[in-house]
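*Asks:* Can you keep this structure in mind? I'll have questions shortly.
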Amino acid sequence: MRFENQVAVVTGSGRGIGHAIAVRLADEGAKVAVVSRNVANAAKTADEINAKIPGGAKAYAVDVADRATVVALCEQILADFGRVDILVNNAGITRDGLSMRMSEGDWDLVIDTNLKGAFNFIQALQRPMIKQRSGRIINISSVSGIIGNAGQANYSASKAGLIGLTKALARELASRNITVNSVAPGFIATDMTNVLGDQVKDAVVKQIPLGKFGEPNDIAAAVVFLASAEAKYITGQCLAVDGGMAM
Ligand code: NDP
């Protein structure tokens, strides 16, 4: 029970990796604000947690890119739970295509969701963390943000941006006992990667030293470690959880 009496906000926790992170934090005692774009998905994760741990979670729906709504939502979360100890910026999307043909809309949507969305939550929640002189912020980046990926100029830029954002914030917030780290998943079996064709999947697996896709729980385990007291002397880092892809 490493997170007893702590409150966590996990964006994009209606499905996939975020779902695994929310469940894992709740299993270890955290109360979890389950944030997703789609209210039904958020409710599903919150219901699953509450069935095991009554009062363990509450569902919220928001578009993370919509700054004003995020600010209002964070005020609501603080009113509902009284504090926030852990923020996991996990919500993310892809809109793949070669850069030559990428529309401005697809560029903006990915940057606004993946990068600005994280900044929106950080700005809204860092003040209470500063006041309580403690906090953990974990941003979910990607192997594409470290080594790049053809067809993902927008996504790779957003994920590399998260690594830079993490480092700048780690320096800004260190004196307030707030650590800021990122986790860079490789290819993880979720809805996001299920859309890839079998040929693409086979080609990807050949690039993974451990020879297989990861599972959402592989990422959740790393996030939970970085959120825990054991990681108190780790800040500004990017932990790749990718089967060795980006070593
Ligand atoms: P999924 O597509 O399975 O789930 C994405 C989640 O993000 C959903 O809960 C979705 O909400 C939410 N979301 C998307 N856009 C918004 C938005 N604008 N506002 C609020 N919530 C939003 O993705 P994964 O679980 O695979 O990915 C999670 C994170 O991990 C992402 O940041 C992704 O980039 C990153 N990642 C994933 C990898 C992989 O291989 N799967 C590899 C590297 C990084 P809803 O359910 O309501 O639609």
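Here, each number is a calculation from the coordinates, and none is a lab measurement. Please read all numbers here as calculations on a predicted model, not as lab measurements. All Cβ positions, glycine included, derive from the backbone under ideal geometry; neighbour counts span all protein chains shown.
*Asks:* Helix 16-27: angle to the longest alpha-carbon principal axis of the chain, degrees 0 to 90, nearest 10?
*Replies:* Helix 16-27 sits roughly 30 degrees off the main axis of the chain.
*Asks:* What is the Cα centroid distance between the stretch 217-247 and the stretch 134-154, reported in whole angstrom?
*Replies:* Distance between centres, Cα-based: 13 Å.
*Asks:* P(r) for the stretch 80-198, please, calculated from all Cα pair distances in 10 Å bins and given in %.
*Replies:* Calculated P(r), rounded to whole percents: 14, 42, 29, 13, 3.
*Asks:* Let's see if you can work this out: charge +1 on each Lys and Arg Cβ, -1 on each Asp and Glu Cβ, no other charges. What is the dipole magnitude of the chain about its Cα centre, in debye to the nearest 20?
*Replies:* Numbers: 25 positive and 23 negative charges, 135 e Å.
Charge dipole of the chain: 640 debye, to the nearest 20.
*Asks:* By its C-alpha gyration tensor, with a ≥ b ≥ c as the square roots of the eigenvalues, how is the stretch 169-247 shaped: rounded for a/c under 1.5, else prolate for a/b larger than b/c, else oblate?
*Replies:* Numbers: a/c = 2.84, a/b = 2.66, b/c = 1.07.
Prolate, since a/c reaches 1.5 and a/b exceeds b/c.
*Asks:* May I ask for the net charge around residue 208, where only other residues with Cβ less than 14 Å from the Cβ of residue 208 are counted and Lys, Arg are +1 while Asp, Glu are -1?
*Replies:* Values: positive: 201, 206, 212; negative: 202, 215, 218, 242.
Its environment carries a net charge of -1.
*Asks:* Using the Cα centre of the stretch 7-241 as origin and beta-carbon charges of +1 (Lys, Arg) and -1 (Asp, Glu), tell me which of 82, 54, 35 is placed farthest towards the positive end of the dipole.
*Replies:* 82
*Asks:* On to the next question. Looking at the chain, what % of the alpha carbon pairs are farther apart than 29 Å?
*Replies:* Above the 29 Å cut-off, the chain has 23 percent of its Cα pairs.
*Asks:* Dipole size in debye (nearest 20) for the stretch 182-243 around its Cα centre, Lys and Arg Cβ +1, Asp and Glu Cβ -1? Kindly include the intermediate steps, with their values, before the conclusion.
*Replies:* Working: 4 positive and 7 negative charges, 29 e Å.
In debye, rounded to 20, the stretch 182-243 gives about 140.
*Asks:* Per-residue HN-Hα couplings for the stretch 139-146, Karplus 6.51 cos²θ - 1.76 cosθ + 1.60 at θ = phi - 60°, whole Hz, x for Gly and Pro?
*Replies:* 9, 8, 8, 5, 4, 5, x, 9
*Asks:* Could you tell me the relative contact order of the stretch 7-241? Use alpha-carbon pairs under 8 Å, at least six residues apart, and round to a whole percent. List each step's numbers first, then the result.
*Replies:* Numbers: 465 pairs, mean separation 45.9, N = 235.
Rounded, it is 20 percent for the stretch 7-241.
*Asks:* Calculate how steeply helix 216-227 sits against the longest principal axis of the alpha-carbon atoms of the chain, using the helix alpha-carbon long axis, and give the answer as 0 to 90 degrees to the nearest 10.
*Replies:* That works out to roughly 50 degrees.
*Asks:* Using amide H atoms built 1.01 Å from N in the peptide plane, name the residues 5+ places from residue 182, or on other chains, whose amide H lies under 5 Å from its own.
*Replies:* Those qualifying (amide H under 5 Å, at least 5 residues apart or on another chain) are 139, 237, 238, 239.
*Asks:* Work through the residues other than residue 186 whose Cβ is under 15 Å from its Cβ and net out their charges, Lys, Arg +1 and Asp, Glu -1.
*Replies:* +1
*Asks:* Taking the Cα centre of the stretch 86-151 as origin and charging only Cβ (+1 Lys, Arg; -1 Asp, Glu), how large is the dipole, in debye to the nearest 20? Before the final figure, lay out each step's value.
*Replies:* Values: 7 positive and 5 negative charges, 107 e Å.
Dipole about the Cα centre, nearest 20: 520 debye.
*Asks:* Can I ask one more? Spelling out what I want: for every residue of the stretch 123-129, take phi, set θ = phi - 60°, compute 6.51 cos²θ - 1.76 cosθ + 1.60 (Karplus), and round to whole Hz; glycine and proline get x.
*Replies:* Ordered by residue, 3J(HN,Hα) equals 4, 6, 10, 6, 4, x, 5 Hz.
*Asks:* Considering the options 199, 73, 107, tell which one lies farthest towards the positive end of the dipole of the stretch 7-241, charges being +1 on Lys and Arg and -1 on Asp and Glu at the Cβ, about the Cα centre.
*Replies:* The residue sitting farthest along the positive end of the dipole is 73.
*Asks:* Along the positive direction of the dipole of the chain (beta-carbon charges: Lys, Arg +1; Asp, Glu -1; about the Cα centre), which of 168, 92, 141 reaches farthest?
*Replies:* 168
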